[in-house]
Structures are given as structure tokens and as C-alpha cells.
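Asks: Got a structure here, written out as C-alpha cells. Questions coming.
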Amino acid sequence: MYGGNNQFDGNAAFAGGGFMPSQATQTASDHSFSPAKNRDSQTLIPLTVKQISEAFQSSDDKTNFLIDGVDVNNVKLVGILFNKAERVTDVSFVVDDGTGRLDCFRWVNEAVDTKEMEAVTNGMYVRVHGHLKGFHGKKQLMAYSVRPVDDYNEIASHFADVIYVHSYNSRLRKQQDSSFMSAQVPNSAFNTPLKGYQASASNQFPGYSMDGIRGVDKMVLDYLQQPSSLAREKGVHRNELAQQLKVPSEKILEAIESLESEGLVYSTIDEFHYKSTANG
Amino acid sequence: MYMIVYLYDGGKFCRHIRVEFFSFLDYSLPQILFIVEALIIHWQDMDTSNPAVFVNAEFLKEHVGRRVRTVVQVVQSDGDKVIGKSTDEKQLVVKGYPPNPLSTFVEVIGIADTTQSIQAETWTNFGDTLDVISYDKVCRLANGDHKHLFI
């Protein structure tokens, strides 16, 4: 029960890492993700303290926070600084962004660090960039940049950023979920008539995203998707497409080539007749 | 009278207990010390219990009695109050002792004491140019669909 007594021992509390280089290498070796994924997880994410306090901490104690399904390592906060305390190797302070308070530490190794920390005082609005870290179940920010806010539009702008990134990440997650769902039932869309195809258009080809098909490509595909076109065994002649859609035949050819490479249409009896693959 | 004490085992929150004030003497000194330490740990951890909600005059009405933050354009400043225009162009009264000098725009964090006034705790000069329309929009977002990110 008294095991907790030691945890505020300064040496113990800060010997556990926090120097940025070692943190970085640790992060790199911890994740067995592809390099791209790893880079993604190191982007600077604007957050509120409330979001951080609710962050889900997966597995080990040091890294891996999840917010909106995204790995969070480096964060950006804008808030009022207070309880600034200078010590031998670091400066500790608290940031209150109006949604909550977060303990922060700034290592002072070089003159530039000292100088930057001298420029901020209690009660001042600051923008903090840092590495989010869990320590004994608590969350702390190892700050590597603390700068005073001099244009106060930055406050509203920061919170607009927070909202945007939250919406972006949660929508991304939703999309991934829905494409996963549609991958589970790939045939249902094909067996339904025209109406069904339109309704499920965005989910039908999870890898291709039908949103990308526009202009003539879309017109050609829509024409070939019509039940009357689908019913014809030979498919539709290129000239017919050009006449019906009132589009020059070169454009039709271009569109067909692009749709063919996407696997959405195929040639039938010769290179003039095409059908939609949606017929099964 | 009682208080809720959050207990931490090896730094991890494990449970909270209810401590009756009048029965505090039933605990041994080490136990009391532990409880006090647990309380300190809890306080030192992120405190999201007392947020300052982004408001304009319209949303102030929903937060009477709570901590709020807003920006006003100073219209008139007396010794112990400021009459200002909110970001949604209504009149707000801010009670307290404003800083001197006071810029055109000032941010106030304090308690909403009525639907049209705030008892100020913290004043911050926001300068003479501020995009109040953007501030008002963020305020609406923070009270609307994205409320959970703030309070």
C-alpha cells in the first residue's frame, strides 16, 4: 500500500527516460509497422487536454496513446502556463487550456532551451509542442518547444485545428470500418438491380472508391450499368455510346480504356463492344 | 460530510474510497498520510474537473454558475467592471478588477454569475485586432457537435 511513496522521488521520476533521442529510437524499435505508418504516428497532433486525459493507453507504460483511433506521440497544445518551477536539469510547468491541466517538463540542456523558458512566465498564453508520455499511469508532456502566443487569433485557430483533426481522424476511421464491412459482403451489391448499385456505389469497390470516377468515365459507366445494357449479351458498341452520350468517340475510347484498367468494364465479341463487370 | 479519495497502487489508479470526515481519527497516521498523498497525486494528475467553457453571450446563458471563458470588445471600463460587446454582438458585463492598460479586446476567464455577466478571475489583453467572427465560430463548434472535446 505504501509502494507509491517512492514515485515522487525526483531522481526516480526522471531517470526513466524522456531525453528525446532515446525516446525516438525506442519508438522506432517498438513499432514493427512499415516506415510510412511509423512516420504517420509521429505527426504533430493538435489536441485539448480533455482529449489527452481520455486517451486510451495501449500496452506498455511509455508510448502508444490512441485518440480517435490514431497513434499519438507528438502533440500541440495552446493554453495558459503556470506553476513554472526551474530545477537543475529541467523546468516543470502546468498548461491549462481551459479543458483541463497537464503537467509538462522541459529539459534544459543548452542555452537555447534556457532562453526559451526564460521568455515565458506564469499566466502567459503559450503554444507547447511536445512528446506525450505515460509515467506510472499519469500522462505528462515532455515539451521540446514552448513559445509565447503573441497573436491571439492563434487560440481560436488552435481549437479550430483540434476540431478539424478530430473530425478528419474519426471520419477516416469510419470509412475504414465501412470498407471493411463491404469487403465482407462483396456480392450483395452485384446481385441487386440498378437502384441497389447506386445506393451502394461508394462501398462497392473498397479499393477503388467510386468517388474518383467522374466526367465521361462516369457517364459511360452509368450507361453500361443500365439494366437494358446489362441484358445485352454482346454489350454496347462504342459508337452507340458516342451517339447516346453525345461525346466524341475519342473521349469514349479514353474513358473505356480507363474503366477497363480499373476492371469495371470488359470487351466482349470484339474491341468495339463493351459490358460492365457488374453483371457478374 | 465526506470526501472521495482516489487510491493509487504503484501509480495506477485502482479504486476510490469514501472517507467520512468525522471518522478520520479511526485511521492510523500512515493511513492518513497515504490518503493525503493519494489526494495530492490526484490533484497533480490532469485536472479536467473545472474546465472554462468557450462562450459568447448566447451560450453564457447555459453555463450560469460555471467557469467560462469569453472575449469582449471593451465599450466602457470603470474601476471594478467592464461593459463589453460579446463576439455575437450582445452586451456583457464583466465584474472584477481589469488590468491597466486594457486593450480593445480582452479575454476573461471567470464564473458566469448571471445570464449577462461574468465574475472575472483572469484577464488577458488580446490586443487591438482580433478576428471575432472566427472566435465566435469556434465558440459555436465547442458548444455544438464537438462539445465532448472541451467539457
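Asks: Highest mean first, what order results for B:108-120, A:230-242 on Cβ atoms within 10 Å? Can you show the working numbers first?
Replies: Values: B:108-120: 18.2, A:230-242: 16.2.
With the highest mean Cβ count within 10 Å placed first, the list reads B:108-120, A:230-242.
Asks: In peptide A:46-56, how many Cβ atoms from other protein chains are near each Cβ within 10 Å, on average?
Replies: For this peptide, the per-residue mean of nearby foreign Cβ atoms is 3.
Asks: Something else now. For A:I45, which sequence-distant residues (separation of 5 or more, or a different chain) have an amide H within less than 5 Å of its own amide H, given hydrogens modelled in the peptide plane?
Replies: A:N74, A:V75, A:K76
Asks: Using a cut-off of 17 Å between alpha-carbon atoms, which lysines can reach A:K84, once sequence neighbours fewer than 8 places away in the same chain are excluded?
Replies: A:K115
Asks: Pop out the ³J(HN,Hα) list for region B:121-132 in order, Karplus 6.51 cos²θ - 1.76 cosθ + 1.60 with θ = phi - 60°, rounded to Hz; leave Gly and Pro as x.
Replies: Each residue of region B:121-132 in turn: 10, 10, 10, 9, 5, 9, x, 9, 10, 8, 7, 5 Hz.
Asks: Averaging over every viewing direction, what projected area does the convex hull of the Cα atoms of region A:66-183 cover, in nm²? Please list the in-between numbers first.
Replies: Numbers: hull surface 35.8 nm².
Hull-based average projected area comes out at 9.0 nm².
Asks: Something else about it: Could you work out the mean count of beta carbons from other protein chains within 10 Å of each residue's beta carbon in B:47-53? Mind dumping the intermediate values first?
Replies: On the way: counts 7, 11, 2, 4, 9, 6, 2.
Whole-number average of other-chain Cβ neighbours for B:47-53 is 6.
Asks: Sticking with this structure for a sec: Take every Cα-Cα distance within region A:64-107, group them into 10 Å bins from 0 onward, and report for each bin the whole-number percent of pairs it holds.
Replies: P(r) over region A:64-107, rounded to whole percents: 24, 43, 28, 4.
Asks: So, one more: Can you run phi through the Karplus equation (6.51, -1.76, 1.60; θ = phi - 60°) for region B:56-70 and list ³J(HN,Hα) in whole Hz, with x for Gly and Pro?
Replies: Coupling constants for region B:56-70: 10, 4, 5, 7, 4, 4, 7, 10, 4, x, 10, 7, 9, 9, 8 Hz.
Asks: Sort region A:230-271 into rounded, prolate or oblate with this rule: let a ≥ b ≥ c be the square roots of the eigenvalues of the Cα gyration tensor; rounded if a/c is under 1.5, and if a/c is not under 1.5, prolate when a/b is larger than b/c, oblate otherwise.
Replies: Values: a/c = 1.91, a/b = 1.13, b/c = 1.70.
It is oblate, given that a/c is not under 1.5 and a/b is not larger than b/c.
Asks: What average count of beta carbons from other chains do you get within 10 Å of the Cβ of residues in B:138-149? Provide the component values of the computation, followed by the final result.
Replies: On the way: counts 9, 2, 0, 6, 8, 0, 1, 2, 7, 0, 5, 12.
So the per-residue partner count for this stretch is 4.
Asks: Let a ≥ b ≥ c be the square roots of the eigenvalues of the Cα gyration tensor of region A:121-176; is it rounded (a/c under 1.5), or, if not, prolate (a/b larger than b/c) or oblate?
Replies: Here region A:121-176 falls in the oblate category.
We did not get these values from a lab; they are worked out from the coordinates using the rules stated. None of these values were measured; they are calculated from a predicted model. All Cβ positions, even for glycine, are placed from backbone atoms using ideal geometry, and neighbour counts span all protein chains on display.
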